[in-house]
Every structure is written in C-alpha cells, then in structure tokens.
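The values are calculated or read from the model by the stated rules, or taken from the named source; none is laboratory data. Since this is a predicted model, take the numbers as computed values, not measurements. Cβ placement follows ideal geometry from the backbone for every residue including glycine, while neighbour counts extend to all protein chains displayed. Only protein heavy atoms, including side chains, enter the accessible area calculation; ligands, DNA and RNA are left aside. Shrake-Rupley method; radii C 1.70, N 1.55, O 1.52, S 1.80 Å.
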Amino acid sequence: MGSAPEVYAGLNDRLKGSAAEILFPTDGDKYTQAIARWSEHNIKRAACVVKVRSADDVTSTLSFIRENKIPFVVRGGGHSTSGSASIEDGLVIDLSLMRGVTVDKEKQTVRAEGGALWVNVDEEAAKYELATVGGTVNHTGVGGLTLGGGYGFLTGKHGLTIDNLLSVEIVLASGEQVTASSTSNPDLFWAVRGAGQNFGVATAFTFQAYPQTNPVYAGPLIFLPDKIPEVIAFVNKFHTANDGNQALMWGFSCPPPMNAPVLLTQCFHNGTEEEGSAFFADLIALGPVANLISMIPYAKLNSLLNSSAGFDGRKMFGGGAFKLPLDVGFVQSLFEEFLGFVQGKNEAGKERGMGQSLLLFETIPYNEVVKVGNDSMAFSNRGDYYNLATMFKWFDPSFDDEVRGFARTLLKKASQSAGVDQDEKTRSIEGVGVYGNYANADVPANEIYGGNAKKLGELKHKYDPENLFDRGTRLVPRPMVVVN
Ligand SMILES: Cc1cc2nc3c(=O)[nH]c(=O)nc-3n(C[C@H](O)[C@H](O)[C@H](O)COP(=O)(O)OP(=O)(O)OC[C@H]3O[C@@H](n4cnc5c(N)ncnc54)[C@H](O)[C@@H]3O)c2cc1C
C-alpha cells in the first residue's frame, strides 16, 4: 500500500479474484501514466487508481467507495478539460483497460466498452465496412463524448452520437448493473444521453452503424488571414449547399513552426474525389498556402486532427454558438480579440505564448440534429446554429484564471450575436447554445440542460440519491462526500 491512506487497506480484498489493477503514488511510472490526462491542467495526484476490467469490478469498487465515503471520479478517455475525470487525493475508477469493441455485421451495430477510444471503434467497424458517428479526434474517449452528446463528421448525415446510441450498460451508484435503452429503464436512457456522467459508470455502449464502403475526401486547406472575407463567403454558401455529406471545421490559430496567424480549414466530403473537389472548388481556388486534402479510408478520417490536438501543455475547451450567414466584420473582430490575447502579454508583462490555441467554427450540418426535440433526451443543444469552440493551450499555470475569464467573455460575445443568450428568458432561439462537453463543470445546470434541468434533478434523486456521481454539471445542490 505504500503511502496510501489507511482507508484503502481493504480494497485488494474487495477486488480479490479480479484482474483489476490497483495503483498508488508509490507505483512509479505506472501510476504517473495512470494519472496523465490530455491536458496537463487536469493531472491530479489521486490517492488510488483502480483500473477495472469488468462491470463486476466497478460494482465492487463502488461498494468500497460507498462504505468508506471516498471521493472519486470516473476516467474514460481522459480528454475532458473540466477536471471531472481527475481528482486530488481521491480514487479514480479508470476504464482504460476496457477498450474492447465488437461488431454485429448483420444488425449493423457496434458495441464498445466504457473506456474505448474512437480509434478502437473506427478501426473495428471498418473491418466490417461500417462506421458510426464518432469524435473528430480519434484519441478522444467514447465514454465522455457519448454521455455528453457527440458531434462528428457523420453528424450531417446521421445526427449526434447519442442519436445513434441504442443502449448503455451502466453500473448505478448502488452497484446494480442495468441496461438503459428505449425499452429498458427508458427514463435512465433519457438522462444518460447528455447527462450520463451524473448517473453511473457506463461499461458498454451499443451504437447503430452505417455502411461505409467508400474512402472519403478530407484534409486541411491553410490560408493566410487576408482570405477571411472570401472564406466566409464560402462558409455562408455551405449552409445551403451541403447535403449532409460534407463538413467544414475552420478557425484561427498560430501554429508552430512559424507561430504566425493562419486560417485553418478542415474539409470533409463523404464521397468521391470528383464530388469533393467540385464541392470545395471555390475554396481551393482562393489559393491556400497549403492544400493537404486527399482520399483516405474512413478509419483514418478522425486521425487527421490528432497532431493538432497533442497531449502537451495545459488546455481548456469552451463552447458557444454561431449562426450563418456570418458577418465578415464580426469574425474579424473576434479573430483580432483572440489573437490579441494569445499573442499578448498579461498584466504582469509576461508573454502568454498561447499561439497553439484555436478558435474554431464547427460548421457541421445540423439538419439531422434538429429533427430530434430538445426534450427527447437530456441533451439540450439542438437549434438553428453551429458550435463555436475555443481550445486554449498554455504552459504557465499562473495564466489559468485569466484564460478561463477571457474564454467566457469571448464566447458569450460571439454567442449573443447568434441570438444565443445564456439567460433562458431572453434567449431568442431553441437550444441552450452551449455544448456541455466543452463547458466547465461549474456552469449551472440550466445553462447546459435548459428546460430539462428540473427533470434531471428528479431522476438524479431516483438513480443516485446520495449524489455519488457529483463531478459533472451539478444537477442537485448537495455537498460532495468527503473522507471521514
Ligand atoms: C482533442 C479533443 C477533440 C474533441 N473532439 C470532439 C468531437 O469531435 N466531438 C465532440 O462531440 N466532442 C469532442 N471533444 C470533447 C469531448 O467530447 C469531451 O472532452 C469528452 O469529455 C471526452 O471524453 P473522455 O472519455 O475522453 O474524457 P474523460 O475526461 O475521461 O471523461 C469526461 C467525463 O465523462 C465521464 N466519463 C467518461 N467515460 C465514462 C464512462 N464510461 N462512464 C461514466 N462516466 C464516464 C468522466 O467521469 C468525466 O466526467 C473533444 C475533446 C478533445 C480534447
């Protein structure tokens, strides 16, 4: 047990006979790797990490947690920047040894264990010429992304990840193992699709998949910022020109080695090269400084952005919304504000050096997303608008607070232009305008779940009356459990 607190002494016994791995701070590299997260900002020194291998391991660990009143978190892929999957001194239920994926070719379904990454899903499904709506960076976890909603390149055609979720196998706070689907515990199924982190440990997800036999046309075009007006003219046409088979992620950054501002676009067309190059012809004709679009197998698509989302540094995601058509002057002003911050100095005169940050306009068609009502499940970010995301990256911990403050102000300003106001009474569009998976855990429940917050509070009392799962968006005002 090393320096682990006395309270963990009985854990080995509790997991006797299981292949789970129990790690403590004295376990060297294995422990250090276990507490690593996508953002250094979220590396916290847990007292204990339990790498579970089965739903039974989760049940046993939860019973130990309940009896000893141990604060804990659940770790899926470890990519959230809200800090909800890491903990100082408490216990981590780590799902990283549960990454198995199986495919039912006949039913066209994919079952992924709770700790799987999207690369596991994309590659296994591809063996059967199938694909489902997964994240656009394939080292992201299936768990967190799915439980909070899930946007991907196939969203234009098939909606959100949760719109394709058929069932979830979940261990509740009581330790009971249940399945949630439209026919089994439907109220729980309603809740987990958007607010899942609050309701238990998901040990497996089953998704609807779709035939994906063809390679896809995808890759980046990089422009200098003087092309902002022309690129926006293209984006404004994209809104009506797309047929759901395309997506365009675009935004601003100052990536190395030049560290100079550029306008990055990531193009996607699910079809032939001829169709793709015709669709993006006006953009290509603008003369990008780099054109790296090519035909690739679908299984490689979600790896294209991996390198721009590497594991070093402190990072924070933030979410807002924008509407098309966009006004060039408005985008210019957001770009300048963003640039002024990431390339500027703080009050103490320190260079921020945050050029690898990203202001991203996620132009993923939402026609399929809005076919589902905001009251159909917990997720409430469906409306006539697109997601705007910030991904700030920095190295100096003394910038933490100002990054948070700046991100909030910038996104609020941008979202208001889309008529998306955080205040429900003055909001002029349906949908909350904030993607929960980009928000911090301290954002109030009504800002993430709108009119669904009340029902979620009631279901929380039914399925987790002691508020054991208290790390996501807070659904009930209860203090956290602390070690005696
Ligand atoms: C580089 C990058 C790219 C991204 N791209 C996309 C994208 O294309 N589309 C999109 O929709 N989102 C995207 N996101 C946001 C992403 O959805 C969230 O960061 C999500 O939380 C990541 O899930 P995770 O399992 O990796 O994270 P974790 O930090 O492990 O978990 C996030 C939360 O979910 C909980 N959780 C995770 N797994 C389980 C489980 N099995 N059971 C119960 N609770 C669980 C954790 O306790 C935590 O509260 C991206 C994020 C990053 C960092």
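Keeping every protein chain present and rolling a 1.4 Å probe, give me the accessible area per residue for the stretch 8-97 in Å². List each step's numbers first, then the result.
Values: 3350 Å² over 90 residues.
With all protein chains present, the stretch 8-97 gives 37 Å² per residue.
Which value, in Å² rounded to 10, gives the accessible area of residue 222 with a 1.4 Å probe and all protein chains present?
My reading of the accessible area for residue 222 is about 40 Å².
Suppose accessible area is computed on protein heavy atoms with a 1.4 Å probe; arrange 301, 360 from highest to lowest.
My answer, sorted largest first, is 360, 301.
At 1.4 Å probe radius, can you tell me the per residue accessible area of the stretch 216-443 in Å²?
Values: 9270 Å² over 228 residues.
Value for the stretch 216-443: 41 Å² per residue.
For the chain, evaluate the Debye formula with one uniform point scatterer on each Cα (no solvent term) and list log10 I(q)/I(0) at q = 0.05, 0.06, 0.12, 0.13 Å⁻¹, rounded to two decimals.
For the chain, the Cα-only Debye profile gives -0.18, -0.26, -1.08, -1.27.
Grab the beta carbon distance between residue 294 and residue 401, set R0 = 35 Å, and tell me the FRET efficiency rounded to 0.05.
Rounded to the nearest 0.05, the efficiency is 0.25.
From the protein chains alone at 1.4 Å, what is the descending order of accessible area for 357, 84, largest first?
Result of the area sort, largest leading: 84, 357.
Report the longest stretch of the chain that contains none of the trypsin sites (Lys or Arg not before Pro) sitting in a DSSP loop with at most 13 other Cβ atoms within 10 Å.
Values: sites that count: 16, 45, 69, 105, 107, 127, 350, 425.
With a cap of 13 other Cβ atoms within 10 Å, the longest stretch comes to 128-349.
Using only protein heavy atoms and a 1.4 Å probe, report how much of residue 277 is accessible, in Å² to the nearest 10.
Accessible area, nearest 10 Å²: 50 Å².
Counting Lys and Arg as +1 and Asp and Glu as -1, each charge on the Cβ, what is the dipole of the chain about the Cα centre in debye, to the nearest 20?
Dipole of the chain, to the nearest 20 debye: 520 debye.
So, with a 1.4 angstrom probe, what is the percent of accessible area on the stretch 169-327 that is carbon and sulfur?
On the way: 3450 of 5960 Å².
Roughly 58 percent of what the probe reaches on the stretch 169-327 is carbon or sulfur.
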